[in-house]
Amino acid sequence: MQERRAFLVIFAIAGALIVPAAITLRTVIHPVVLQVTSDNPTPLGYTWSLLLFIIPIGALGWWFACRPDLQFPRKAFWRTIVVLTPLGFLLDLLFGNAFFVFPNKSATLGWEVPAVGGPIPIEEFVFYLAGFMLVLLSYIWCDEYWMGKYNVRDYAATAENIPRIVRFHFASVALGVVLIAASVLYRKFLSGAPEGFPWYFLYLVCASLIPSAGFFHTAKAFINWRAFGFTFFLLLLISLLWEATLALPYGWWEYRPRTMMGLHIGAWSGLPIEAVFVWFAVTFTTVITYEVIKIWKALGTRALQAFFGIRKCIAAIRCSPGR
């Protein structure tokens, strides 16, 4: 009950901030257009901007490395990074050119990685690695130190009665279906450009929906929701500074209109709503993956037994009468 209340408080805080911000931003009927006065207004801007992630990672990583008592979280941290980072790389390699365009070549080093539809700046791959690391390190710092009063101290004892980690969570699926349907309806009937399709939003919802549908029922009691809230709002603040004031106005990257929902924030250089939603999706997916890995290792069993309870099922069949 306490975990549910903390989970709902996050949405209450988000609503208290988002609703007045959205109303205020909607008053900008005629957005001011930035007038670029140089052919190269931000030399290596995208490259240098990655310090927004790298410097906090260095500070939090130093704190993490100096805590010998955090061996269990440290192992779960690296396993989470190994699981999630390739997914970010795969997004760029397969769909990067379908969702994004990088018009300002001078904002990057010029080193590019071959991908479907054309090469992608190497900064994109550094961003995915650094993004996952910053989300996770911020959450761990809050969970173990800043808001350590609210974390789960003994994972083995708390998890010992869990029959299996994978348990279907209907509310997550229902919410995902509603969000996807709403995005499609908005694109077709309200965006003014019905010929496109919100593929990027669909991807983000599925990226959050899949782990949530399978793991949220089990993981919700282990997630430090106060630490999650701090991490989410911190990353959202960095993202808005990064994208709304720098990346979009100076062409470090742009979003392909045909693959977006069509709901833009005019006051922020036409920032699509997906760019705001992505940080909730990333934070949620990262935290739930980290907690699930911790639960699995605390159970001390093989993956099939921990996630699906398969060994118990087989044992029950073997021991049933008549066999």
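So which of A267, A227, A247, A219 ends up being in contact (Cβ under 8 Å) with a residue 24 or more places away in the chain and closer than 27 Å to F308 by Cβ? Outline the logic, then answer.
Numbers: A267 fails: closer than 27 Å to F308 by Cβ; A227 fails: closer than 27 Å to F308 by Cβ; A247 fails: closer than 27 Å to F308 by Cβ.
The conditions single out A219.
Of everything in the stretch 192-214, what is in contact with a His (Cβ under 9 Å, 6 or more places away or on another chain) and either among the polar types (S, T, N, Q) or surrounded by 22 or more Cβ atoms within 10 Å (Cβ to Cβ) (or both)? Give them in sequence order.
Within the stretch 192-214, just S212 meets the criteria.
Could you check the stretch 1-107 for helices (runs of 4 or more DSSP H) lying wholly inside it with 3 or more residues that are among the aliphatic types (A, V, I, L, M) and free of Cβ contacts under 8 Å to residues at least 40 places away in the same chain?
Numbers: elements: 2-26, 45-49, 51-65, 71-99.
Result: 2-26, 51-65, 71-99.
When you scan the stretch 183-225, how many residues do you find that are in a helix (DSSP H, G or I) and over 14 Å from E291 (Cβ atoms)?
Kept after step one, since they are in a helix (DSSP H, G or I), are these residues of the stretch 183-225: 183-189, 199-219, 225.
Next cut, over 14 Å from E291 (Cβ atoms) only: 183-189, 199-210, 213.
Number of matching residues: 20.
Check V184 against each of (1) farther than 23 Å from L271 by Cβ; (2) of a type outside the set (K, R); (3) modelled with pLDDT of 95 or more and name the one condition it does not meet.
(1)
Give the stretch 59-99 a look and list any residue that's surrounded by fewer than 17 Cβ atoms within 10 Å (Cβ to Cβ) and either among the aromatic types (F, W, Y) or in contact with a strand residue (DSSP E or B) (Cβ under 8 Å, 6 or more places away or on another chain) (or both), or say none.
W62, W63, F72, W78
Evaluate the following for W111: is it more than 22 Å from the chain's Cα centre (by Cα), surrounded by fewer than 18 Cβ atoms within 10 Å (Cβ to Cβ) and modelled with pLDDT of 95 or more?
yes
Residue pairs, Cβ under 6 Å, 6 or more apart or interchain, first in the stretch 174-197 and over 16 Å from R258 (Cβ atoms) and aromatic (F, W, Y), second at pLDDT 95 or above and in a helix (DSSP H, G or I). List them.
Close Cβ pairs (under 6 Å, with a partner that is at pLDDT 95 or above and in a helix (DSSP H, G or I)) do not exist here.
Out of everything in the stretch 144-175 that is in a helix (DSSP H, G or I) and β-branched (V, I, T), what residue ends up being farthest from the chain's Cα centre (by Cα)?
Looking only at the stretch 144-175, we keep the residues that are in a helix (DSSP H, G or I), and these are 144-146, 148-150, 155-159, 170-175.
When the remaining residues are screened for being β-branched (V, I, T), the result is 158, 173.
Working: T158: 26, V173: 17 Å.
Per the criteria, the residue is T158.
Can you tell me which of (1) in contact with a strand residue (DSSP E or B) (Cβ under 7 Å, 6 or more places away or on another chain); (2) free of Cβ contacts under 8 Å to residues at least 60 places away in the same chain is the one A157 doesn't meet?
(1)
Which one of the conditions (1) at pLDDT 90 or above; (2) in a helix (DSSP H, G or I); (3) in contact with a Leu (Cβ under 8 Å, 6 or more places away or on another chain) does L241 fail to meet, given that it meets all the rest?
Against the list (1) at pLDDT 90 or above; (2) in a helix (DSSP H, G or I); (3) in contact with a Leu (Cβ under 8 Å, 6 or more places away or on another chain), L241 comes up short only on (1).
For the stretch 81-110, enumerate the residues that are in contact with an Asp or Glu (Cβ under 6 Å, 6 or more places away or on another chain) and farther than 23 Å from P43 by Cβ.
Correct list: D92 only.
The conditions are (1) hydrophobic (A, V, I, L, M, F, W, C); (2) closer than 30 Å to L271 by Cα; (3) touching a helix residue (DSSP H, G or I) at 6+ places or on another chain (Cβ under 7 Å), and I165 fails exactly one of them. Which is it?
Against the list (1) hydrophobic (A, V, I, L, M, F, W, C); (2) closer than 30 Å to L271 by Cα; (3) touching a helix residue (DSSP H, G or I) at 6+ places or on another chain (Cβ under 7 Å), I165 comes up short only on (2).
Quick one: count up the residues across the stretch 35-47 that are of a type outside the set (S, T, N, Q) and surrounded by fewer than 12 Cβ atoms within 10 Å (Cβ to Cβ).
2
The values are calculated or read from the model by the stated rules, or taken from the named source; none is laboratory data. Predicted, not measured: the structure shown is a model, and the values here were computed from it. Every residue, glycine as well, gets a Cβ built from its backbone with ideal geometry; the counts of neighbours run over all protein chains shown.
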